[in-house]
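Trainee: Sending over a structure as structure tokens; questions will come in a sec.
The values are calculated or read from the model by the stated rules, or taken from the named source; none is laboratory data. Owing to the predicted nature of the structure, the values given are computational and were not obtained by experimental measurement. In this analysis, Cβ positions are derived from the backbone assuming ideal geometry, glycine residues included, and neighbour counts consider all displayed protein chains.
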Amino acid sequence: MSLARVHNFAISLDGFGTGEGQSRDAHFGHAGQRLHEWMFATRWWRHKRDGQSGGTGGVDDAFVQQHALGIGAEIMGAGKFGHPGWHEDPEWKGAWGPNPPFHTPVFVLTHHVRPSIEMEGGTTFHFIDASPAEALEAARKAADGLDVRIGGGPTVIRDFLAAGLIDHLHTVVVPILLGRGVRLWDGLEGLEKDYEVESISSSSGVTHVTFTRAGV
């Protein structure tokens with residue numbers, strides 16, 4: 001069976017995966033881009049996403065490159081797909097432009113179901129109102145034997161963890177304090193008992209922490 005994986009999910013020292021005050025112009029609220037500056041600086045990101053030269057190598061670059069390997073579908077929450085109220089705009093197609101970076105079927109968990117949207121580059125957004133288990137079953141069928149990425153935001157990842165559905169979780173602890181927003185770890189006391197946990201620090205200041213289910 002394909003695995004359910006989380007990659008490059010950045011959180012602050014106080015555990016917030018996004019800031020407060022999300023809007024169309026502030027996808028991560030008051031956090032801005034601070035949770036992801038380490039990623040934007042990597043060689044892979046600058047070359048692959050921005051078409052620029054340079055960038056950092058090392059640990060950060062190695063982890064960033066794992067994001068898409070072996071992934072056949074993604075699941076994301078309504079908060080990742082769009083700002084509060086996006087469902088009232090029939091023209092809203094996500095925050096990534098006409099060619100989103102997923103290049104797979106993407107299942108958006110929402111109470112506001114709408115017809116699927118086919119984008120450039122192989123991304124198709126499907127809007128479903130489903131439990132984590134139901135969503136994962138649908139995504140696995142679409143992934144055709146490949147793994148499923150649980151893309152976030154923090155509420156979705158927390159729900160999948162609480163349901164015992166995540167096989168591999170890669171979090172990136174960024175040395176900032178947000179103080180408010182949406183936390184990842186609430187209600188998950190003792191989660192580490194079900195996983196092999198490893199951590200590695202980077203010269204950028206972030207710490208990569210991976211949780212891998214025993215036997216995976």
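Trainee: List pairs: first residue in the stretch 33-52 and closer than 14 Å to Val173 by Cα, second residue modelled with pLDDT of 95 or more and not in a helix (DSSP H, G or I) anywhere in the structure, Cβ distance under 6 angstrom, at least six positions apart or on different chains.
Mentor: Once the first residue is closer than 14 Å to Val173 by Cα and sits in the stretch 33-52, its partners that are modelled with pLDDT of 95 or more and not in a helix (DSSP H, G or I) give Arg34/Ile176; Leu35/Ala10; Leu35/Val174; His36/Ala10; Trp38/Ser204; Trp38/Val206.
Trainee: Using the structure shown, decide if Ile128 is of a type in the set (A, V, I, L, M, F, W, C), touching a strand residue (DSSP E or B) at 6+ places or on another chain (Cβ under 8 Å) and farther than 26 Å from Thr207 by Cα.
Mentor: Judged against the criteria, Ile128 is a match.
Trainee: Here are some conditions: (1) closer than 30 Å to Leu69 by Cβ; (2) exposed (fewer than 12 other Cβ atoms within 10 Å of the Cβ). Thr110 meets all but one. Which one does it not meet?
Mentor: That leaves (2) as the condition not met.
Matching residues to (1) buried (at least 18 other Cβ atoms within 10 Å of the Cβ); (2) more than 18 Å from the chain's Cα centre (by Cα); (3) modelled with pLDDT of 95 or more:
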residue: Ala135; (1), (2), (3): yes, no, yes
residue: Ile150; (1), (2), (3): yes, no, yes
residue: Thr155; (1), (2), (3): yes, no, yes
residue: Ala163; (1), (2), (3): no, no, yes
residue: Thr171; (1), (2), (3): yes, no, yes
residue: Gly187; (1), (2), (3): no, yes, yes
residue: Tyr195; (1), (2), (3): yes, yes, yes
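Trainee: Looking at the stretch 134-149 only, could you name the residues that are touching a residue at least 40 places away in the same chain (Cβ under 8 Å) and outside any strand (DSSP E or B)?
Mentor: Hits for the stretch 134-149 are Ala135, Leu136, Ala139, Arg140, Ala142, Ala143, Asp144, Gly145, Leu146.
Trainee: Give the stretch 49-60 a look and list any residue that's buried (at least 16 other Cβ atoms within 10 Å of the Cβ) and at pLDDT below 95, or say none.
Mentor: Of everything in the stretch 49-60, those that are buried (at least 16 other Cβ atoms within 10 Å of the Cβ) and at pLDDT below 95 turn out to be Gly55, Thr56.
Trainee: List every residue pair whose Cβ atoms lie under 9 Å apart, where the two residues are 6 or more positions apart in sequence or sit on different chains, the first residue falls within the stretch 107-133 and is under 21 Å from Pro84 (Cβ atoms), and the second residue, located anywhere, is surrounded by 19 or more Cβ atoms within 10 Å (Cβ to Cβ) and among the acidic types (Asp, Glu).
Mentor: So the pair list comes out as Phe107/Glu74.
Trainee: Take the residues in the stretch 15-29 that are of a type outside the set (Gly, Ala, Ser) and either buried (at least 16 other Cβ atoms within 10 Å of the Cβ) or touching a Cys at 6+ places or on another chain (Cβ under 6 Å) (or both), then tell me which one is nearest to Ser202 (Cα to Cα).
Mentor: Phe16
Trainee: Further, regarding this structure: For Pro90, work out the one condition from (1) touching a residue at least 24 places away in the same chain (Cβ under 8 Å); (2) in contact with a helix residue (DSSP H, G or I) (Cβ under 8 Å, 6 or more places away or on another chain) it doesn't fulfil.
Mentor: (2)
Trainee: Oh, and also: Taking the condition of being within 14 Å of the chain's Cα centre (by Cα) and either surrounded by fewer than 18 Cβ atoms within 10 Å (Cβ to Cβ) or modelled with pLDDT of 95 or more (or both), how many residues in the stretch 81-94 meet it?
Mentor: The number of residues fulfilling the criteria is 1.
Trainee: For the stretch 65-88, state whether one or more residues are aromatic (Phe, Trp, Tyr) and over 17 Å from Val172 (Cβ atoms).
Mentor: Scanning the stretch 65-88, I find at least one residue that is aromatic (Phe, Trp, Tyr) and over 17 Å from Val172 (Cβ atoms), so the answer is yes.
Trainee: Still on this structure, please answer the following. Could you go through the stretch 25-37 and let me know if any residue there is in contact with a Pro (Cβ under 8 Å, 6 or more places away or on another chain) and over 27 Å from Ile128 (Cβ atoms).
Mentor: no
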